[in-house]
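Visitor: Please see the structure below; I have some questions.
The values are calculated or read from the model by the stated rules, or taken from the named source; none is laboratory data. Note that the coordinates shown come from a computational prediction; the quantities given were computed from them, not determined experimentally. Here Cβ is always computed from backbone atoms with ideal geometry, including for glycine, and neighbour counts include all displayed protein chains. SASA here: full protein model, heavy atoms, side chains in, ligands and nucleic acids out. Shrake-Rupley method; radii C 1.70, N 1.55, O 1.52, S 1.80 Å.
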Amino acid sequence: MAKTDSINGNANLLIEIAGFLQEGRPDAELTTMAREPRTHEDVARQVARFAGFADDQYLDAVALLAALSTRLRTVGSDFVKIDDDTAQRFLDDMLRYGQYVAPEAR
């Protein structure tokens, strides 16, 4: 049986991690040292490309953690309202039919 205190605690932890990531977000100005004319044109282009990709992945991670926290909190609330069999079916279906989609496949 799921314990709602544990679920809510984990939801709080996920949102706290998202908050820490948001506070420590990458500084776009760090790439200024690798811009033209300080570096070769190809290096500057690749650094800018990497910085854009890293920022995209960072934003995805923060959004994912916040969404997981929200969903986990909702699930925790739902467990209070539904019986154990329904909860078990929900978790089994989530594990059985859940699907990971890689970023490059979006």
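Visitor: Just the residues that are loosely packed, with under 14 Cβ neighbours inside 10 Å, modelled with pLDDT under 85 and among the acidic types (Asp, Glu), please, taken from the range 57-90.
Guide: Asp83, Asp84, Asp85
Visitor: Give the range 10-34 a look and list any residue that's touching a residue at least 24 places away in the same chain (Cβ under 8 Å), of a type in the set (Gly, Ala, Ser) and surrounded by fewer than 16 Cβ atoms within 10 Å (Cβ to Cβ), or say none.
Guide: Ala28 - this is the single residue of the range 10-34 that is touching a residue at least 24 places away in the same chain (Cβ under 8 Å), of a type in the set (Gly, Ala, Ser) and surrounded by fewer than 16 Cβ atoms within 10 Å (Cβ to Cβ).
Visitor: Got a number for residues in the range 35-51 being open to solvent by 80 Å² or more (accessible area, probe 1.4 Å) and either in contact with a Pro (Cβ under 9 Å, 6 or more places away or on another chain) or within 26 Å of Ala66 (Cβ to Cβ) (or both)?
Guide: Qualifying residue count for the region: 1.
Visitor: Report yes if Pro26 is at pLDDT below 75 and either β-branched (Val, Ile, Thr) or not in a helix (DSSP H, G or I) (or both), otherwise no.
Guide: Spelling it out, Pro26 is indeed at pLDDT below 75 and either β-branched (Val, Ile, Thr) or not in a helix (DSSP H, G or I) (or both).
Visitor: Still on this model: Can you say whether Thr39 is assigned to a helix (DSSP H, G or I), among the polar types (S, T, N, Q) and at negative phi, as far as the supplied structure shows?
Guide: For Thr39, the condition - assigned to a helix (DSSP H, G or I), among the polar types (S, T, N, Q) and at negative phi - is not met.
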